[in-house]
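Right, one structure below, let's go through it.
The values are calculated or read from the model by the stated rules, or taken from the named source; none is laboratory data. Worth saying up front: this structure is predicted, and the values here are computed from it rather than measured. We place every Cβ from the backbone using ideal geometry, glycine too, and count neighbours over all the protein chains shown. Note: accessible area is taken over every heavy atom of the protein model, side chains too, but ligands, DNA and RNA are not part of it. Shrake-Rupley method; radii C 1.70, N 1.55, O 1.52, S 1.80 Å.
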Amino acid sequence: MSAPPRDLNTPHLFSAPATREAWEARAKEIRERILFSCGLWPLPKKTPLKPKVTSTVELADMTIENVALETFPGFWLCGSLYKPKGTGPFPAIANMHGHWDQGRLQREADVPKAPPAPGARGAGKADLVNLAASLARQGFVVFAYDMLGYNDTDQFVHRKLGASLDQWLWGVSELGVQTWNSIRVLDYLQSLSFVDKKKLGATGASGGGSQTFLLAAIDDRVQVSVPVNMVSSTMQGGCNCENAPGLRVGTDNVEVASVFAPKPQLFVSCTGDWTSKVPLEEGPAAKKVYELYGKPENLQWVQFNYGHNYNVESREAMYAFFKKHLRGEAGERERPLELDPKQLRVKRPAGKSDTELLAGLKRERAEAVLALRQKNDKKSRELLRKGLAIALAVDVPTIKGVGRVHTQVSVSTGSTGLVLPPLTQDSGALWKDFYSCYNRTVLGDRVQAVIDSLVQNRTKNDAGPTVLIGDGEAGLWVLLARALAPDLCPGPTIVDMQGFAADDDDAYLERAYAPGLRGIGGLYTAALLANAKPLLLHNTQRKFRAENISCRLEPEKLSYEETMAWLKSIGYYKG
């Protein structure tokens with residue numbers, strides 16, 4: 001009996017493998033899944049940031065520059081750069097924020113210090129302006145920047161980008177854009193002459209905590225990470241900006257955060273939210289990964305008796321951790337700060353509209369993948385194949401040894417060969433609670449069933465060149481399986497396309513949805529990868545372009561006799 005579907009609140013806590021070698025293979029898979037889910041597979045071309053300082057605030061012990069960065073063409077990320085007095089070089093911190101009303105400009109007075117649990121819990125508060133200023137006072141350059149839709153980064157409305165299946169089909173998400181922004185923030189910090197380029201850290205709370213551990217997992221430049229009130233085995237993030245296409249299939253936030261091992265990391269948690277079990281569960285689980293490197297001391301955790309927060313106790317724990325690992329010094333207590341957050345607003349340059357930016361994100365994905373298909377070398381094919389496997393969330397085993405028996409494997413939804421039930425998709429159910437962030441789709445299930453059948457066929461028959469036939473609706477599943485598992489089916493493949501419109505998003509949403517599938521090229525990528533051996537696509541109804549492949553295309557549905565005649569013409573059938 002299969003496990004019930006996961007959602008963002010389903011408990012899920014990984015177990016570290018027994019060896020460092022096994023973990024590093026797993027960590028590589030997770031990094032690749034994050035990049036693909038963020039629409040960063042392959043990574044986009046980095047364009048000039050064109051930093052624009054729109055105003056400056058001079059304080060006695062720091063300078064604050066309000067800056068706009070063009071992180072991709074026509075889109076401006078806004079934030080404030082806090083600089084200590086002096087020439088440096090200083091370590092630097094990328095500072096993300098969560099869902100506070102004022103974002104990075106949030107200034108709340110702290111409540112009296114709460115006693116340890118089980119004493120009375122204090123209210124959760126956040127002063128994100130003093131956070132950045134206090135780091136600057138302690139010798140760090142800090143860039144505190146907006147989430148999408150907050151303050152001056154307002155070309156998208158928060159929670160509106162990546163808020164539908166048709167955008168996830170392309171791998172476009174709010175989380176992906178914010179992750180790309182964070183990568184570009186590191187580029188910006190490293191471009192500054194007064195920054196020590198080898199001493200970069202990242203911190204944020206709540207949604208900013210999600211941004212922190214995702215960036216730390218995929219960008220080696222982060223040397224110290226402090227995610228706050230977000231590393232949990234239960235609630236994984238309740239916003240578009242924390243969920244992305246296929247991101248957590250088979251994994252969870254604790255495992256993602258563990259990818260940062262063995263570098264120094266501090267989990268800050270509290271008793272009043274979903275991180276309440278960090279000292280007993282999530283922390284020890286992640287510690288086992290650090291132990292594989294012989295560096296258990298590099299993962300620490302603290303917990304305070306408050307509600308969801310980035311309050312002064314949490315902030316001072318973070319200051320001390322960064323000071324120890326990036327400056328070799330003891331942390332300092334936070335001091336009062338007189339600063340009106342209105343002074344930190346950025347006059348954003350004019351940019352493109354949200355409609356233009358969304359079209360640009362899809363176009364960039366299409367052009368990047370088309371370039372890989374046109375190059376069509378070994379490295380490009382492996383990038384495409386890996387992306388396709390991540391989109392479908394399938395497992396492709398390695399089978400060695402080739403026998404001499406020619407076999408035929410037929411897949412259909414009817415009564416012959418491997419019979420699989422027709423695919424039904426409910427777009428509402430696929431979107432509810434970010435279903436395809438956490439679960440393999442029905443399309444992935446069907447493709448996995450075909451691959452499993454090929455494995456059984458080779459194991460049972462020690463089969464050599466297998467003829468693979470997909471009839472009716474199963475044709476698409478067979479094409480995708482053939483693309484992903486070429487070694488399992490080294491013979492010809494015959495696919496009934498059923499008139500599938502491979503350039504039409506609606507066709508995928510109705511019959512072949514998987515997160516990011518269009519973003520990796522959809523059935524055109526599948527056909528390219530399947531074409532290493534003879535490939536016949538029939539019943540195309542002229543809705544499929546040949547595009548850089550030499551397979552045989554037939555607009556009409558061929559009879560069994562006609563497909564056998566094709567096999568005979570290429571020397572695979574002598575009946």
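Against the test of being at pLDDT 95 or above and either more than 24 Å from the chain's Cα centre (by Cα) or not in a helix (DSSP H, G or I) (or both), the options 287, 263 yield a single qualifying residue, 263. A residue that is under 24 Å from residue 374 (Cα atoms) and in contact (Cβ under 8 Å) with a residue 60 or more places away in the chain can be found somewhere in the stretch 538-556. None of 471, 496, 433 is among the acidic types (Asp, Glu) and surrounded by 24 or more Cβ atoms within 10 Å (Cβ to Cβ) except 496. Does residue 79 satisfy the condition of being closer than 23 Å to residue 255 by Cα, touching a strand residue (DSSP E or B) at 6+ places or on another chain (Cβ under 9 Å) and surrounded by 15 or more Cβ atoms within 10 Å (Cβ to Cβ)? In short, no.
Contact list please: Cβ distance under 7 Å, first residue in the stretch 437-459 and of a type in the set (Gly, Ala, Ser) and surrounded by 19 or more Cβ atoms within 10 Å (Cβ to Cβ), second residue assigned to a loop (DSSP other than H, G, I, E, B) and modelled with pLDDT of 90 or more, pairs at least six apart or on different chains. Once the first residue is of a type in the set (Gly, Ala, Ser) and surrounded by 19 or more Cβ atoms within 10 Å (Cβ to Cβ) and sits in the stretch 437-459, its partners that are assigned to a loop (DSSP other than H, G, I, E, B) and modelled with pLDDT of 90 or more give 444/393; 444/394; 444/514. All conditions but one from (1) out of contact with any Asp or Glu (no Cβ under 9 Å at 6 or more places or on another chain); (2) in a strand (DSSP E or B); (3) surrounded by fewer than 15 Cβ atoms within 10 Å (Cβ to Cβ) apply to residue 22; the one that does not is (2). Scanning the stretch 535-563 for residues that are at pLDDT below 90 and buried (at least 16 other Cβ atoms within 10 Å of the Cβ) yields 549, 551. Residue count for the stretch 128-151 satisfying the condition of being more than 19 Å from residue 92 (Cα to Cα), surrounded by fewer than 23 Cβ atoms within 10 Å (Cβ to Cβ) and touching a residue at least 12 places away in the same chain (Cβ under 8 Å): 2. Using the structure shown, decide if residue 87 is part of a loop (DSSP other than H, G, I, E, B), among the hydroxyl-bearing types (Ser, Thr, Tyr) and out of contact with any strand residue (DSSP E or B) (no Cβ under 9 Å at 6 or more places or on another chain). Yes.
The one condition from (1) touching a Lys or Arg at 6+ places or on another chain (Cβ under 7 Å); (2) closer than 25 Å to residue 221 by Cα that residue 319 does not meet is (1).
Within the stretch 99-111, take every residue that is touching a strand residue (DSSP E or B) at 6+ places or on another chain (Cβ under 6 Å) and either over 17 Å from residue 344 (Cβ atoms) or among the basic types (Lys, Arg) (or both) and give me the one that is most open to solvent (accessible area, probe 1.4 Å). Going through the qualifying residues, I end up with 107. Part of a loop (DSSP other than H, G, I, E, B), at pLDDT below 95, under 30 Å from residue 388 (Cα atoms) and not aromatic (Phe, Trp, Tyr): does that describe residue 162? Judged against the criteria, residue 162 is a match. Against the numbered list (1) in contact with a strand residue (DSSP E or B) (Cβ under 6 Å, 6 or more places away or on another chain); (2) surrounded by fewer than 18 Cβ atoms within 10 Å (Cβ to Cβ); (3) modelled with pLDDT of 95 or more; (4) aliphatic (A, V, I, L, M), residue 405 comes up short only at (3). Do we find that residue 157 is outside any helix (DSSP H, G or I) and closer than 26 Å to residue 72 by Cα in this structure? The answer is yes for residue 157. Residue 528 fulfils the conditions (1) open to solvent by less than 10 Å² (accessible area, probe 1.4 Å); (2) within 28 Å of the chain's Cα centre (by Cα) except for a single criterion, (1). Tell me which residues, restricted to the stretch 337-347, are touching a residue at least 60 places away in the same chain (Cβ under 8 Å), surrounded by fewer than 19 Cβ atoms within 10 Å (Cβ to Cβ) and not in a helix (DSSP H, G or I). Matches in the stretch 337-347: 337, 339, 345, 347. Scanning the stretch 158-191 for residues that are touching a Leu at 6+ places or on another chain (Cβ under 8 Å) and farther than 15 Å from residue 39 by Cβ gives 158, 185, 186, 187, 188, 189, 190, 191. Is it the case, given these coordinates, that residue 284 is open to solvent by 30 Å² or more (accessible area, probe 1.4 Å), free of Cβ contacts under 8 Å to residues at least 12 places away in the same chain and in contact with a helix residue (DSSP H, G or I) (Cβ under 6 Å, 6 or more places away or on another chain)? Against the criterion (open to solvent by 30 Å² or more (accessible area, probe 1.4 Å), free of Cβ contacts under 8 Å to residues at least 12 places away in the same chain and in contact with a helix residue (DSSP H, G or I) (Cβ under 6 Å, 6 or more places away or on another chain)), residue 284 does not qualify.
In the stretch 511-520, the condition of being modelled with pLDDT under 95, within 26 Å of residue 562 (Cα to Cα) and surrounded by fewer than 24 Cβ atoms within 10 Å (Cβ to Cβ) is met by no residue. For the stretch 210-225, filtering for residues that are within 18 Å of residue 255 (Cβ to Cβ), touching a Phe, Trp or Tyr at 6+ places or on another chain (Cβ under 9 Å) and not polar (S, T, N, Q) leaves 4. For the stretch 112-124, the count of residues that are within 23 Å of residue 81 (Cβ to Cβ) and open to solvent by 10 Å² or more (accessible area, probe 1.4 Å) is zero.
Put simply, of 384, 370, 361, 357 the only residue that is open to solvent by 50 Å² or more (accessible area, probe 1.4 Å), part of a helix (DSSP H, G or I) and either free of Cβ contacts under 8 Å to residues at least 40 places away in the same chain or of a type in the set (A, V, I, L, M, F, W, C) (or both) is 370. Here residue 174 meets each of (1) more than 29 Å from residue 429 (Cα to Cα); (2) open to solvent by less than 10 Å² (accessible area, probe 1.4 Å); (3) among the charged types (D, E, K, R) with one exception, condition (1).
The helices (runs of 4 or more DSSP H) located wholly in the stretch 428-497 that include 1 or more residues which are among the polar types (S, T, N, Q) and closer than 16 Å to residue 418 by Cβ occupy 442-461.
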